[in-house]
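What follows is a short report on a single structure.
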């Protein structure tokens, strides 16, 4: 049976869902900073993703489990590899950037998706997409311009910024792979493979580095604040976020999706300012504004 497409206000339900997810992910930059006070970056990735895998197990074990897992294995492996790279780079970069800066650099995902679609999937890249990409690159150059100094002292370092840029590039690859495989792969199995690949990658990275706590001289205290942070990141931002994203993202037109993702750097910067007292200097604000403008301009290209 073929379901009729949604009409009227219902056709915007996937848009509303993606907006809610983007808000959750935007706030996760601040929550990650809280968790990183106790856990090392790679340990945080491993912990949140193993928790997310446990959350999705009841859904993936329904129906024809083996057939679904086989069908979703290769798509999940490809998408999971991109996701794992993005999270490992992002958490490592968060130790050298503020939550606000991390959110602003996440805005690079949209123009990078447009460029990646053109480069690998033969998608058309019009003048607005090119202009948006150039604006975003200009924003990165402005943020990294030598001699300006970070707004928060050592909090926004060049190393942290470059790691965040690498993370956004990996996330852009993940978005493209979701759009390519999301229509055909069994959703629960597809999402679970992605989470499992990332959990394993985070565990291996933690073992190689040999650090579970934030610093070698301290131990992890599982207090209420840390448990809330890990729960938010593992259950809400990861299990629910990636599972629902795999289900609805391909239902949102790419131009609309790009515009929705323009909200992420704005919400993340607002959360950083309100909850952690982040203060970006003139150079960082100008660079962030160029990135957001690049996202908006890219979203106008059909």
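The values are calculated or read from the model by the stated rules, or taken from the named source; none is laboratory data. Note that this is a predicted model, so its numbers are computed, not measured. Note that each Cβ is placed from the backbone with ideal geometry, even for glycine, and that neighbours are counted across all protein chains shown.
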List pairs: first residue in region 221-250 and over 17 Å from residue 261 (Cα atoms), second residue surrounded by fewer than 17 Cβ atoms within 10 Å (Cβ to Cβ) and modelled with pLDDT of 90 or more anywhere in the structure, Cβ distance under 8 angstrom, at least six positions apart or on different chains.
226/220
Identify, by number, the condition in (1) within 24 Å of residue 274 (Cβ to Cβ); (2) not in a helix (DSSP H, G or I) that residue 33 doesn't meet.
(2)
Consider region 203-225. How many of its residues are surrounded by 11 or more Cβ atoms within 10 Å (Cβ to Cβ) and assigned to a helix (DSSP H, G or I)?
7
Would you confirm whether or not region 279-288 contains a residue that is under 19 Å from the mean Cα position of the chain (by Cα), within 25 Å of residue 184 (Cα to Cα) and touching a residue at least 12 places away in the same chain (Cβ under 8 Å)?
no
Answer with yes or no whether residue 78 is surrounded by fewer than 18 Cβ atoms within 10 Å (Cβ to Cβ), touching a helix residue (DSSP H, G or I) at 6+ places or on another chain (Cβ under 6 Å) and farther than 21 Å from residue 291 by Cβ.
no
Unmet criterion (only one of (1) at pLDDT 80 or above; (2) not in a helix (DSSP H, G or I)) for residue 80
(2)
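Yes or no: region 195-202 includes at least one residue that is within 26 Å of residue 36 (Cβ to Cβ), at pLDDT 90 or above and surrounded by fewer than 17 Cβ atoms within 10 Å (Cβ to Cβ). Break it down into steps so the answer makes sense when it comes.
At the first step, the residues of region 195-202 found to be within 26 Å of residue 36 (Cβ to Cβ) are 195-202.
Keeping just the survivors that are at pLDDT 90 or above gives 195-202.
This time we only want the ones that are surrounded by fewer than 17 Cβ atoms within 10 Å (Cβ to Cβ), so: 200.
Yes, that holds for at least one residue.
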Restricting the search to region 280-302, which residues are over 19 Å from residue 132 (Cβ atoms), touching a helix residue (DSSP H, G or I) at 6+ places or on another chain (Cβ under 7 Å) and in a loop (DSSP other than H, G, I, E, B)?
280
Is region 226-240 home to any residue that is farther than 21 Å from residue 56 by Cβ and outside any helix (DSSP H, G or I)?
no
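Is region 248-257 home to any residue that is out of contact with any strand residue (DSSP E or B) (no Cβ under 7 Å at 6 or more places or on another chain) and outside any helix (DSSP H, G or I)? Lay out the reasoning, then the answer.
Step one: of region 248-257, the residues out of contact with any strand residue (DSSP E or B) (no Cβ under 7 Å at 6 or more places or on another chain) are 248-257.
Now drop any that are not outside any helix (DSSP H, G or I), which leaves 252-253.
Within region 248-257 (the criterion being out of contact with any strand residue (DSSP E or B) (no Cβ under 7 Å at 6 or more places or on another chain) and outside any helix (DSSP H, G or I)), the answer is yes, since at least one residue qualifies.
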If I filter region 153-173 down to residues being more than 26 Å from residue 117 (Cα to Cα) and buried (at least 20 other Cβ atoms within 10 Å of the Cβ), which single residue comes out as modelled with the highest pLDDT?
160
With the condition kept exactly as written, say whether any residue in region 8-23 is surrounded by fewer than 21 Cβ atoms within 10 Å (Cβ to Cβ), out of contact with any helix residue (DSSP H, G or I) (no Cβ under 9 Å at 6 or more places or on another chain) and within 16 Å of residue 262 (Cα to Cα).
yes
Based on what the data block shows, is residue 47 part of a helix (DSSP H, G or I) and surrounded by fewer than 22 Cβ atoms within 10 Å (Cβ to Cβ)?
no
